[in-house]
Structure formats: C-alpha cells, structure tokens
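Participant: This is the structure, below, for whatever I ask next.
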Amino acid sequence: MAGSRGHVIWGDSTMDAAVESEVRLPGGPVVAAVVQVQAGTEKEQNIEKAEGFVREAAKAGAQIIGLPENFAYVGPWAEGLEKGIDEPIPGPTTDRLADLCKRMGIYLLAGSLPERVENGDGVLHYSTSVLIDPDGKILARYRKMHLFDVEIPGQVRAKESDRFAYGDRIVTADSPLGRMGLSICYDVRFAELYRTLARAGAWCVWVPANFTLYTGKDHWEVLLRARAIENQYFVLAPNQIGPHRTEHGQGRSFGSAMIVDPWGTVIARMPEEEGFVLARLDPDRVRKVRTVLPAWRHHRPEQLYR
C-alpha cells in the first residue's frame, strides 16, 4: 500500500484491526456511474472504449465512475502476457487513467488490472482494483482476496490462482465522497468481507466484475442485493457483458451492471449492451434505512468476532 492513502483495516489474516467505526458519509448526494463493456484481447482498443464511456458519464454529471473487472483485457492469459497486459501500479494504464481523471475532474474506480510485482523470488501477479481521485492520485488499491477456482471435468475449468496471488488486505478509501469499500467480483460470495467493510464505516462498496452468464443469471442480482440489505449501504457493480475467448474455448459474461441502495432496491441497471448507468446516492438514505430497520444496532460483533 505504499504511496496510497487507502485505509487497510484487516491484514495478515487477523481480525484485531477490523474495529467498528461510525459510517463515514459524504456531505451531500453523490452522482455515481457504473460502466458495462465487452472487453476482448486488444488492450488498446479496450482502454480507449472504457475511456470513452468514462468521458460520457462525466459529461452526464457523474462524480465517480466505476469500470468492470478486467476492463483492459479479457482472453487467454498466456496470449495476454505476450501482449504486455501486466503492469506495475502505478504504471502506464493507471497513469493514463489519472490524466483522464484530472481532465474530467472525477474519481475513477479502475475495476481490475493484472498488477505485476517483481521481488527476489521472481514475478507475482495480482488482480488489482485502483481508485484514482480528481488530482490523478491513487487513493487506494485493493488486491482480490478470493480467487475463482472451478474445475468440472469435461465442462469447465477456470483457475484464477494459476495466474494470480491472493490479496491479503481489506481496503477502504476516504475522500470528500465518504468512505468507500473495495472488492472484486468473486469476493461478493463471501459475506464476511462486506460486513467487515461496513464495520469499518463504509457507506458504499464497489464490486467490479466479470461475472459469468452461467452463475450470473441466478446469483448476480441476488448476491448484490443481499450484501446491500445485510449491511445497509449502497453497492455499485460495473460488469462485463457478452462472449469472449478463454484458454479453453468460449466464455460469456452476464452483464446487468447495477447500483443497489441500502434497502436492497436496484436503482440503476444496464440493459444488455455496452454503456453506463447513473444514480444519485443520497447519504440520507443510509441514515433512514438504518433508522427504520435498526438491524445494524443489533449486530453483536463481540460474540461473532472473537
């Protein structure tokens, strides 16, 4: 986390640092946008397309914009490495996005990039989300903690741990837009992460994703709404859509990028196409939901986290 102003609230597999905190709300409503794209194997084309949607969303009034997981490349891993998709952070892509943030005066969540980290043992890769502020500074970076490993003989094989190392930090970011929590895609199946982000004072949480069609049609909306309902905060979920190449043939991403409010209501949803949707996030909505349904006050972490 060197050089980042993100707040690490849980590291090295301990619970001690995950102390409860009052929710950190912005001073007023925030206009947010989630982007939906169909990324392919041409990195430059993917980034140009993502930048185009970011510019359009900013012109439409968005103050913070989120890109999906793998927005710069979706395709066979070995082919991607040959094309130089992995980078350090900060690096060429985050520098480019930082310039865009400065020009447009926005916050930007770069859903995930394949971060290259060189150490004495060689090279590690992480699936890393980066939050950039309007001055072009990296507010926080989050390395995906839960990696999607599924193998059904004769049907599907997806093993992210063959590519990426596991992240070991839960991360929030403070800004004039309040305290935001960071996560990536498969993380959404692990409720403890989202409760910990809520305990740390997040009023909204990002879930940039490349959710598969097979699981997405049954689980995507259910999981996002559940995380919002149980933690009584906003959930913002950019997503990939459409077919793409994989190491083992053809895959398809589900789409339906959405924003969910603290009551669990989907307040913005993308149709089955590329683009973005906007929503006005009112911090009073968090206060109201936590007042009319005070489940948050009834949480007993002293019994659960010991």
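Participant: For segment 193-215, what are the residues that are in contact with a Ser or Thr (Cβ under 9 Å, 6 or more places away or on another chain) and either modelled with pLDDT under 95 or within 26 Å of Glu302 (Cβ to Cβ) (or both)? Let's see the steps before the verdict.
Facilitator: Step one: list which residues in segment 193-215 are in contact with a Ser or Thr (Cβ under 9 Å, 6 or more places away or on another chain), which gives 193-194, 197, 199-202, 205-213.
Selection gives Leu193, Tyr194, Leu197, Arg199, Ala200, Gly201, Ala202, Val205, Thr212, Leu213.
Participant: Further question: Please go through segment 248-296 and pick out each residue that is on the phi > 0 side of the Ramachandran plot and exposed (fewer than 13 other Cβ atoms within 10 Å of the Cβ). Can you show your working first?
Facilitator: Of all residues in segment 248-296, those on the phi > 0 side of the Ramachandran plot come to 249, 255-256, 264, 275.
Scanning segment 248-296 gives a single hit, Gly249.
Participant: If you don't mind, another one. Looking at segment 41-75 only, could you name the residues that are within 18 Å of Thr128 (Cα to Cα) and not β-branched (Val, Ile, Thr)?
Facilitator: Lys43, Asn46, Ala50, Gly66, Leu67, Pro68, Glu69, Asn70, Phe71, Ala72, Tyr73, Gly75, listed by residue number.
Participant: I'm trying to understand the selection: among the residues of segment 44-64, which are within 19 Å of the chain's Cα centre (by Cα), of a type in the set (A, V, I, L, M, F, W, C) and either part of a helix (DSSP H, G or I) or closer than 17 Å to Glu274 by Cβ (or both)?
Facilitator: Selection gives Ile47, Ala50, Phe53, Val54, Ala57, Ala58, Ala62.
Participant: Only one of (1) on the phi < 0 side of the Ramachandran plot; (2) without any contact (Cβ under 8 Å) to a residue 12 or more places away in the chain; (3) not basic (Lys, Arg) is not met by Gly122, so which one is it?
Facilitator: (1)
Participant: Let me ask something else about it. Scan segment 96-103 and tell me whether some residue there is in contact (Cβ under 8 Å) with a residue 12 or more places away in the chain, assigned to a helix (DSSP H, G or I) and small (Gly, Ala, Ser). Give the steps one after another, and end with the answer.
Facilitator: Quick first cut of segment 96-103, residues in contact (Cβ under 8 Å) with a residue 12 or more places away in the chain only: 96-102.
Filter again for assigned to a helix (DSSP H, G or I), leaving 96-102.
The next check asks that each one be small (Gly, Ala, Ser); those that pass are 98.
Yes, that holds for at least one residue.
Participant: Further, regarding this structure: Of all residues in segment 161-189, which are more than 22 Å from Val34 (Cα to Cα) and either assigned to a loop (DSSP other than H, G, I, E, B) or among the charged types (D, E, K, R) (or both)?
Facilitator: Asp162, Arg163, Phe164, Ala165, Tyr166, Gly167, Asp168, Arg169
Participant: Now a separate question. So which residues in segment 272-288 are closer than 17 Å to Ala50 by Cα and either touching a Pro at 6+ places or on another chain (Cβ under 8 Å) or not β-branched (Val, Ile, Thr) (or both)? It would help to see each step written out before you state the result.
Facilitator: Residues of segment 272-288 that are closer than 17 Å to Ala50 by Cα, as a first pass: 272-278.
Listed by number, the residues that qualify are Glu272, Glu273, Glu274, Gly275, Phe276, Leu278.
Participant: Quick one: Leu236 ticks every box in (1) surrounded by fewer than 18 Cβ atoms within 10 Å (Cβ to Cβ); (2) of a type outside the set (D, E, K, R); (3) in contact (Cβ under 8 Å) with a residue 12 or more places away in the chain bar one, so which box is it?
Facilitator: Status for Leu236: all satisfied but (1).
Participant: Considering Glu230, Glu302, Glu221, which residue is among the acidic types (Asp, Glu), in contact (Cβ under 8 Å) with a residue 24 or more places away in the chain, closer than 22 Å to Thr172 by Cβ and assigned to a helix (DSSP H, G or I)?
Facilitator: Working: Glu302 fails: in contact (Cβ under 8 Å) with a residue 24 or more places away in the chain; Glu221 fails: closer than 22 Å to Thr172 by Cβ.
None of the other options fit; the residue is Glu230.
The values are calculated or read from the model by the stated rules, or taken from the named source; none is laboratory data. Model, not experiment: these values are computed from the prediction. Note that we place each Cβ from the backbone using ideal geometry, even for glycine, and neighbour counts take in every protein chain shown.
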